[in-house]
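Have a look at the structure below before the remarks.
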Amino acid sequence: MKNYGDAVAFLGQWGRFQQAVFFLLCASIMPNGFGAFTLVFMNDIPSHHCRVPESNLTEEWLTSVIPLTEVNGKQELSKCSRYRLDVVRNLSARGFIPHKDINLSDIELEGCVDGLTWCALSNGSSHSPPPFSSLEFFWGHFSQDHCQTDLEENRFCLQQWQHRQFLPFFQSSQQHGFGLSSSSSSTDWGAEIFTGNVRVLYSSMGTCCGFAVGYMLLPLCAYFLRDWKSLLLALSVPCVAYIPLWWILPESPRWLLSQGRIAEAEAVVKMAAKWNKVQAPSNIFECNSVEKTDTQKEHYNVFDLLRHSRIRTTTLLLCFVLFTLITGYYCLSFNTSQLHTDPYISCFISALVEIPAYASSFIALRYFPRRLSIIVSLIAGAVPLYLIPLVPEHLSSLSLTLEMVSKYSFTTGASLMFAYTTELYPTVLRNTATGTTTTISRMGSCITPFLLSLSVHYKYLPYVILATLAVVTAISAYFLPESFKLPLPETIEQMHERQRKIHLCNKRNISPVSLDDSR
């Protein structure tokens, strides 16, 4: 009995049909790239300090009325306190000079009773409170276009902030939620339509490069559109152009077969044959029709991922591995403000480093076993993070290089995992499995703000935790099943049988590649 790949082999791997579907699916993932990190430019906490009303203070006291605090080894103006203004006015009027005649530490502090003076420029350098950040990666502290020094303006702005802080939450939740769903569906869609090396290329470089291109467009749009409303509009409206894809892109023939809709599957393949200018057989899936009579009425859901012990173990391990990779990816992506003094260049560099990472994932998928590639990616991501705390302060460029090497490794591993997951599950469970594992892994993006906030206690604590998590995950990944050079399973029974054979081969020290007798 021919499998799906053999049944559609007459189409070829890279005809006009495959090219059109390939690039349309890749383009459909681009909005996910600029949508996932929009809040890097929208959620920074503006630089601010207590407002000092116009008063007869000398220049020395005007520059000293706000106390200095140490933040990460640097002296900064206090954001929420000042020296008591009535005391300072009295000392200034009497001609005393701060630091010379008066020890400022002896003056009592007070809060910002007259409001704030703050200049909100989007720089992605500060993060919002973790409990709210976890809802949308980072909470919406919006930038303003100018410094505000008037108390009434401050009050107006704060009121505006209070009622509009929910907008980015809904925007981010909607964009990330639908984007996550569309990305998962697009990956499965392409993995089921394409065959051979094209499937590997799409599952690694195709979808991920579409994401990276969208990611690189984000700082470009943010640079020219400094207003948050304009930025949201510019990044959201183009998504409407993707609606026609509902009618343009064909359904996956492999999925139609799994549902017993053989006539529809053959219609899609015959349309592809016309596009590729090849002759299609009169009965393309005649063998599959017998196989589907007993299973076409079965319906599968997320509980089928947990019902069987082997599938349950595989699913839990995949969730854990992908959780770690996604946590590392987002932690290092949202930490890009340290890369360069210009936040737009920082974001672009962070996006650019993903291109070689996706190229590496394609090479790994093409030539190396999946488990080995995942384990190497995790270890390669952990080692630089362990080394960063050992780098002297004056070698900041070396620390940044190590951080980018780590992000490169986590990005490579995450890209590998998306393709790897589609290879492990049968057609009837593939979309459910990838959606479930990806959704659970997004808990990693939710804990990112909490993890980054730990740097307040120890600057390198997030790195150490992330590196340790990666090492533990690498050990766990060893117990995942291998799928290198094996055909995609069509049914749950085929998945069980393949894992059973691989288990026997491992016991007998036989390479699993020898199982590939149906390509």
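The values are calculated or read from the model by the stated rules, or taken from the named source; none is laboratory data. Remember, predicted model here, so these are calculated numbers, not experimental data. Glycine also receives a Cβ, built like all others from the backbone with ideal geometry; neighbour counts cover every protein chain displayed. We work out accessible area using only protein heavy atoms, side chains counted, and drop any ligands, DNA or RNA first. Shrake-Rupley method; radii C 1.70, N 1.55, O 1.52, S 1.80 Å.
Residues of the stretch 233-253 that are in contact with a Leu (Cβ under 8 Å, 6 or more places away or on another chain) and touching a residue at least 24 places away in the same chain (Cβ under 8 Å): LEU235, LEU245, ILE248, LEU249. When residues in the stretch 88-106 are screened for being out of contact with any Leu (no Cβ under 8 Å at 6 or more places or on another chain) and closer than 15 Å to THR63 by Cβ, 6 of them pass. Might you let me know whether the stretch 451-459 holds any residue that is in contact (Cβ under 8 Å) with a residue 24 or more places away in the chain and of a type in the set (Phe, Trp, Tyr)? No. For the stretch 446-478, residues that are of a type outside the set (Val, Ile, Thr) and farther than 15 Å from LEU322 by Cβ total 16.
Matching residues to (1) open to solvent by 30 Å² or more (accessible area, probe 1.4 Å); (2) in contact (Cβ under 8 Å) with a residue 40 or more places away in the chain; (3) under 23 Å from THR401 (Cα atoms); (4) among the hydrophobic types (A, V, I, L, M, F, W, C):
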| residue | (1), (2), (3), (4) |
| --- | --- |
| SER309 | yes, no, no, no |
| CYS319 | no, yes, no, yes |
| LEU325 | no, yes, yes, yes |
| ILE349 | yes, yes, yes, yes |
| ILE375 | yes, yes, yes, yes |
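Of all residues in the stretch 5-16, exactly one satisfies the criterion of being in a helix (DSSP H, G or I) and surrounded by 22 or more Cβ atoms within 10 Å (Cβ to Cβ), namely ALA7. In this structure, does ARG94 turn out to be in contact with a Cys (Cβ under 7 Å, 6 or more places away or on another chain) and basic (Lys, Arg)? Taking the combined requirement at face value, the residue does not satisfy it.
For the condition at pLDDT 90 or above, touching a helix residue (DSSP H, G or I) at 6+ places or on another chain (Cβ under 8 Å) and not charged (D, E, K, R), ALA470 qualifies.
For the stretch 341-392, the candidate set comprises residues that are of a type in the set (Phe, Trp, Tyr) and under 21 Å from PHE323 (Cβ atoms); within that set, the residue that is nearest to the chain's Cα centre (by Cα) is TYR358.
Looking at the stretch 193-205, which of its residues are assigned to a helix (DSSP H, G or I) and open to solvent by 10 Å² or more (accessible area, probe 1.4 Å)? Residues satisfying the conditions are ILE193, GLY196, ASN197, VAL198, ARG199, VAL200, LEU201, MET205.
Against the criterion of being touching a Pro at 6+ places or on another chain (Cβ under 7 Å), of a type outside the set (A, V, I, L, M, F, W, C) and modelled with pLDDT under 90, SER455 qualifies. Taken over the stretch 48-104, the criterion of being β-branched (Val, Ile, Thr) and modelled with pLDDT of 80 or more is satisfied by VAL52, THR58, THR63, VAL65, ILE66, THR69, VAL87, VAL88, ILE97, ILE102.
Every condition in (1) of a type in the set (Asp, Glu); (2) open to solvent by 50 Å² or more (accessible area, probe 1.4 Å); (3) at pLDDT below 80 is met by ASP44 except one, and the failing one is (2). Checked against (1) at pLDDT below 85; (2) within 24 Å of GLY190 (Cα to Cα); (3) not in a helix (DSSP H, G or I), GLU493 meets all criteria but (3).
Rundown of residues vs (1) part of a loop (DSSP other than H, G, I, E, B); (2) open to solvent by 20 Å² or more (accessible area, probe 1.4 Å), yes/no style:
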{"position": "ALA212", "(1), (2)": "no, no"}
{"position": "LEU217", "(1), (2)": "no, yes"}
{"position": "LEU220", "(1), (2)": "no, yes"}
{"position": "PRO250", "(1), (2)": "yes, no"}
{"position": "TRP255", "(1), (2)": "no, yes"}
{"position": "ALA263", "(1), (2)": "no, yes"}
{"position": "GLU266", "(1), (2)": "no, yes"}
{"position": "VAL278", "(1), (2)": "yes, yes"}
